[in-house]
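Trainee: Please find one structure pasted underneath; my questions will follow.
The values are calculated or read from the model by the stated rules, or taken from the named source; none is laboratory data. Just so it is clear, the structure is predicted and the values come from calculations on it, not from any experiment. No Cβ is skipped: glycine too gets one built from the backbone with ideal geometry, and neighbour counts run over all protein chains shown.
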Amino acid sequence: MDKNKATLLAMDGGTPTRTTPMPSRALLGVEEKQAVMDLFDESIAHGEAFGYNGPHEAAHEKAFVEMMGGGYADAVNSGTNAVYCALGALQLDALSEVIVPAITDPGGVMPVPLLACVPIVADCDPRSYNTNAAQIEAVVSPRSRAIIVAHIGGEPVDMDPVLALARRHHLAVIEDCSQAHGALYKGRPVGTLGDIAAFSTMSGKHHCSGAQGGMVFTRNEELYWKARRFADRGKPFNLTEPKNVTAGLNCNSNELSAVIGCVQIRKLPDIIRRRNAVGESVKNALISRPAVQVGWQVPETMCTYWFLRMRLTLSALRVNRDTFCQALAAEGIPVTPSYRHCPVEAPWFINRSVFGSSGFPWTAPNYTGNRNPTALIGNMIAVSDCHFNLPIHERYGQAEIDDIVHALIKVETAYLKK
């Protein structure tokens, strides 16, 4: 191959690093199909439709608890509803303030105002998409009652300072682990650190229970029963009262999702191991690069890489992030140029579109906080501007790792300031 052709960027007429598509993920296979067929055969044989809160759902929850090293789990029908039910278990008074992260899925924040509480945004750590204790402490007020932290991209938040802060201010901590199945913080699984946790098991996550699904997890038995009641219209689980004890929605999972989830949990350790290996290989290969590296991570953590968060030192480059990403994509490497997933920048938050045009809960007469929802998100903007993501998954092998690293170095080299 012509050396000049090989080093010239593909977007400038050179030879792309990779000319074949990345491998498909193939998360679901014959094992899940057989489990579903067995469930249908079982239903047909006894003549009753499969439902929910049945033996397969119990088995799914038991397997999840074993994976987490003990505790209690309730399967629900989405990751958003896992956050909703975890928050509902806390039984907060209306107009309580709940501190939420700047970068997260909309479903990680919307449950707060839908429970008549007020979301208060904590900015990012200036080095990552995650928040940290300093940013949370900056927005604590006498109205604060809980904190939601999200372990974005499979990277654990620095939890010990957050938990210490929560204890000082008597705040509950919800961990949103939707993107961080199996991640470790100082040897402890995320989801076991706060008071209660939410996981998403939709089809794009580390493991799934079908198209959509979620799990509420806690090691606090009282919170578990409260979450389970809230997730099923206030049914009096574990109580002597015969009738519904609190208002709640039907957020139940079902037997079909559960049989898929049971198979998937058995696959999860290998999925985690392979994703971590891909991420760590790329990180180590780039550790001394002047302008492109895997983003900073909290020490003593194990990341399970829902994606690779890449950091650019823009002062060392002649181009901006978007141009760098365009060049990388031309090399045949899938890339997501921006991960500015900031719910407070969305119309629903800006316009307070939760309960019609009322503006509630911010406009409630007895709410004494800021009635016009705002947020100081300077770190979020700066972090978003100098980072991009690389989609990866557990079926990437050495060839994919080599191509990613080669393409990143090729583009960096072309654009480094002389």
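Trainee: Can you work out which of the residues in the stretch 77-124 that are more than 18 Å from the chain's Cα centre (by Cα) and assigned to a helix (DSSP H, G or I) is nearest to G359 (Cα to Cα)?
Mentor: P113
Trainee: Condition test on A327, is it farther than 30 Å from Y415 by Cα, among the small types (G, A, S) and in contact (Cβ under 8 Å) with a residue 12 or more places away in the chain?
Mentor: Details: farther than 30 Å from Y415 by Cα: no; among the small types (G, A, S): yes; in contact (Cβ under 8 Å) with a residue 12 or more places away in the chain: yes.
No.
Trainee: What's the number of the only condition in (1) acidic (D, E); (2) over 27 Å from W296 (Cα atoms); (3) outside any helix (DSSP H, G or I) that E175 fails to meet?
Mentor: (2)
Trainee: Under the condition of being surrounded by fewer than 18 Cβ atoms within 10 Å (Cβ to Cβ) and among the basic types (K, R), which residue from the stretch 377-418 is modelled with the lowest pLDDT?
Mentor: It comes out as K418.
Trainee: Shifting gears a bit: Considering every residue within the stretch 232-253, establish whether at least one is touching a residue at least 24 places away in the same chain (Cβ under 8 Å), outside any loop (DSSP other than H, G, I, E, B) and of a type in the set (V, I, T).
Mentor: no
Trainee: Checking the condition under 21 Å from G261 (Cβ atoms) and either surrounded by 15 or more Cβ atoms within 10 Å (Cβ to Cβ) or modelled with pLDDT of 95 or more (or both), which residue from L9, L39 passes? Walk me through it before giving the result.
Mentor: On the way: L9 fails: under 21 Å from G261 (Cβ atoms).
It is L39.
Trainee: Select from the stretch 320-345 the residues that are hydroxyl-bearing (S, T, Y) and part of a loop (DSSP other than H, G, I, E, B) and write down the one among them that is surrounded by the most Cβ atoms within 10 Å (Cβ to Cβ). Steps first, answer last, please.
Mentor: From the stretch 320-345, those hydroxyl-bearing (S, T, Y) are 323, 336, 338-339; that's our starting set.
Retained after the next criterion (residues that are part of a loop (DSSP other than H, G, I, E, B)): 338-339.
Values: S338: 13, Y339: 17.
For the stretch 320-345, the residue satisfying everything is Y339.
Trainee: Please find, within the stretch 125-147, the residue that is farthest from A364 (Cα to Cα) out of those that are under 18 Å from the mean Cα position of the chain (by Cα) and not in a strand (DSSP E or B). Write out each step before concluding.
Mentor: Initial filter on the stretch 125-147 (under 18 Å from the mean Cα position of the chain (by Cα)): 125, 127-132, 147.
Next, only the ones that are not in a strand (DSSP E or B) stay: 125, 127-130, 132.
Working: D125: 31, R127: 36, S128: 35, Y129: 32, N130: 30, N132: 30 Å.
Applying the filter and picking the extreme gives R127.
Trainee: I would also like to ask the following. Is it true that some residue in the stretch 69-78 is surrounded by fewer than 20 Cβ atoms within 10 Å (Cβ to Cβ), out of contact with any helix residue (DSSP H, G or I) (no Cβ under 6 Å at 6 or more places or on another chain), farther than 26 Å from R309 by Cα and of a type in the set (S, T, N, Q)?
Mentor: no
Trainee: Somewhere in the stretch 184-199, is a residue in contact with a Cys (Cβ under 9 Å, 6 or more places away or on another chain) and of a type in the set (S, T, Y)?
Mentor: no
Trainee: Please go through the stretch 246-272 and give me each residue that is hydrophobic (A, V, I, L, M, F, W, C), surrounded by 15 or more Cβ atoms within 10 Å (Cβ to Cβ) and over 22 Å from the mean Cα position of the chain (by Cα), ordered by number. Before you say what the answer is, go through the steps one by one.
Mentor: Filtering the stretch 246-272 down to residues hydrophobic (A, V, I, L, M, F, W, C) leaves 247, 249, 251, 256, 258-260, 262-263, 265, 268, 271-272.
Remaining after also requiring surrounded by 15 or more Cβ atoms within 10 Å (Cβ to Cβ): 249, 251, 256, 258-260, 262-263, 265, 268, 271-272.
Of everything in the stretch 246-272, those that are hydrophobic (A, V, I, L, M, F, W, C), surrounded by 15 or more Cβ atoms within 10 Å (Cβ to Cβ) and over 22 Å from the mean Cα position of the chain (by Cα) turn out to be L249, L256, V259.
Trainee: Does the stretch 268-289 contain at least one residue that is within 30 Å of V36 (Cα to Cα) and hydroxyl-bearing (S, T, Y)? Before you say what the answer is, go through the steps one by one.
Mentor: Filtering the stretch 268-289 down to residues within 30 Å of V36 (Cα to Cα) leaves 268-276.
From what is left, the residues that are hydroxyl-bearing (S, T, Y) are none.
There is no residue in the stretch 268-289 that is within 30 Å of V36 (Cα to Cα) and hydroxyl-bearing (S, T, Y).
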